[in-house]
Amino acid sequence: QVTSCFACYCDCTLPLLRFSSLLLLLPPLLLLRMSASVPSSSDLPLHGRHILVTGGAGYIGSHTVLHLISSGARVTIVDNLSNSNLEALARVEKLAGGIKLAFYQVDIRDAVAMEKVFQENKFDACIHFAGLKAVGESVAQPMKYYDHNAGGSLVLFQLLTKYDCKRIVFSSSATVYGVVQENPIKETAPLGTLNPYGQTKYVIEGILRDLAVAPVPEKESPWKIVILRYFNPIGAHPSGSIGEDPLGIPNNLLPFVMQVAVGRRPEVNVFGQDYPTSDGTGVRDYIHVEDLALGHVAAIEHGIFGGALCDKSCDSFNLGTGKGASVLEVIAAAEKASGKKIPYKVGPRRTGDIAACYADCSKANNLLHWRAAKSLDEAVADSWRWQSQNPHGYAAPENKL
Ligand code: NAD
Ligand code: WQD
């Protein structure tokens, strides 16, 4: 089912788009000075590339779509809206200067509907975000996770092959490192899984690695595959108009903390204070979603269309900050950003959690020419701007738990 499929990709809008996110924040005088150095659309790194973005209405997808457009790409989004809201795309359109996004409300497991998308478009590359991500739900309903994540990916990979678009950036996760043996984690660390969700990421990575080494039939192009292993994405667009909008009770720390700050929940449950970390609480590598979005632009630019993969067909990169922060440090950052006291209660450890997990990002720094630029404080401040401007996310309050 195609709910809307229209696009305005005229060159006249592109220079504006490149700076749209900055324009929102800068004073008018500075804007005038910047406009003198706006590049022409053909200077933009992804000028004219048509990128299929699965899951593009979601949290990371929506931020990435905005940066792809700002980098000159044409974007077509496929999303079944199972964990997202069309309002996110309406806001991306606005942030991007009033363009109309090409969008298909399609489930990636629906091979017939997906084939129609490929028949109607010629893609240069795909960024594959679509999938389910709730660890607890994956333990309760593993088949659902194998179906959406692994099954859906198979449909997609078959169509990418059939329509000769064998260039993909895949959303993987630090969860594929399983029980972490050494921090910071390098891409060469042993892989393992802790739950069915992680298992689906591990399996999909394996399928992609197998595709990359399979012999290529004559006249077919080889695969170019970039696997991105995200650490803990947080934050929101600096305007506060797009951000993370979990359905029901948030599983992840930062959205939960934000909902306490905004008054939707009474207190944060801290899952254990007996870990071998500085304050006893779990340590993670929290990366601003804007940095993450730019990591995808870098992956497409340098990994898919540039020389970062050298003679390889497939490579994996960590996307994190390289620094860990504890649960109590995150709560303190949220108190600073919101100016509110955030009550918390220390409880038992959450099953399956590990003490600490943070990335060695030197491979992405060196080969993708990408580095996370934003601090924990900036990320939490942007999360707070999003949450305080949209206390109930994209939907009306009566639809929210
Ligand atoms: P999200 O739920 O906000 O976005 C995923 C999008 O995919 C949603 O818009 C959802 O509606 C869509 N979707 C789900 N199943 C689909 C299907 N069968 N067909 C079509 N669309 C479908 O999640 P996110 O945080 O933006 O994550 C994006 C990707 O990054 C996911 O693959 C996730 O596993 C991965 N990831 C996320 C995190 C994180 O903490 N947010 C960390 C590591 C990896
Ligand atoms: C962070 C820290 C918790 C909630 C998960 C997935 C992983 C990836 C990112 C997709 C931990 C503590 C949390 C709360 C708490 N997702 N915590 N109270 O567990 O590192 O990773 O999301 O790929 O696969 O497993 O992130 O945000 O759930 O937890 O104390 O209410 O916060 O124990 O130390 P995690 P998280």
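The values are calculated or read from the model by the stated rules, or taken from the named source; none is laboratory data. Note that the structure is a prediction, hence the values are computed from the model and not measured. FYI the Cβ positions are ideal-geometry reconstructions off the backbone, even for glycines, and counts take in every protein chain you see. Calculation scope for accessible area: heavy atoms of the full protein, side chains included, ligands and nucleic acids excluded. Shrake-Rupley method; radii C 1.70, N 1.55, O 1.52, S 1.80 Å.
General observations
- The residues in the stretch 144-185 that are farther than 28 Å from residue 306 by Cβ, touching a residue at least 60 places away in the same chain (Cβ under 8 Å) and within 12 Å of ligand 2 (Cβ to nearest atom) can be counted, and the count is 1.
- Residue count for the stretch 43-67, restricted to those that are touching an Asp or Glu at 6+ places or on another chain (Cβ under 7 Å), in a loop (DSSP other than H, G, I, E, B) and more than 18 Å from residue 132 (Cα to Cα): 3.
- Of the listed requirements (1) β-branched (Val, Ile, Thr); (2) open to solvent by 10 Å² or more (accessible area, probe 1.4 Å); (3) in contact with a strand residue (DSSP E or B) (Cβ under 6 Å, 6 or more places away or on another chain), residue 262 misses just one: (3).
- Just one of the numbered conditions (1) within 15 Å of the chain's Cα centre (by Cα); (2) away from ligand 1 (no atom under 13 Å from the Cβ); (3) of a type outside the set (Gly, Ala, Ser) is not true of residue 302: (1).
- Helices (runs of 4 or more DSSP H) within the stretch 68-176 that include 2 or more residues farther than 17 Å from residue 208 by Cβ: 86-95, 111-120, 135-140, 142-145
- Of everything listed in (1) away from ligand 2 (no atom under 11 Å from the Cβ); (2) under 22 Å from residue 361 (Cβ atoms), the single unmet condition for residue 287 is (1).
- Within the stretch 189-223, considering residues that are more than 15 Å from residue 172 (Cβ to Cβ) and β-branched (Val, Ile, Thr), the one surrounded by the most Cβ atoms within 10 Å (Cβ to Cβ): 216
- Matching residues in the stretch 117-150 - criterion: being of a type outside the set (Asp, Glu) and surrounded by fewer than 16 Cβ atoms within 10 Å (Cβ to Cβ): 119, 122, 136, 139, 140, 141, 142, 143, 144
- Residue in the stretch 193-210 that is closer than 19 Å to residue 351 by Cα and modelled with pLDDT under 95 present: yes
- Cβ-Cβ under 8 Å pairs, at least 6 apart or on other chains, the stretch 86-103 side in contact (Cβ under 8 Å) with a residue 40 or more places away in the chain and charged (D, E, K, R), far side part of a helix (DSSP H, G or I) and open to solvent by less than 50 Å² (accessible area, probe 1.4 Å): 91/62; 100/93
- Test: residue in the stretch 329-340 that is in a strand (DSSP E or B), away from ligand 1 (no atom under 16 Å from the Cβ), touching a residue at least 24 places away in the same chain (Cβ under 8 Å) and hydroxyl-bearing (Ser, Thr, Tyr): no
- Look at the stretch 186-197: where a residue is closer than 15 Å to residue 360 by Cβ and a partner is open to solvent by 30 Å² or more (accessible area, probe 1.4 Å) and of a type in the set (Lys, Arg), sitting 6+ places away or on another chain with Cβ atoms under 6 Å, you get 187/363.
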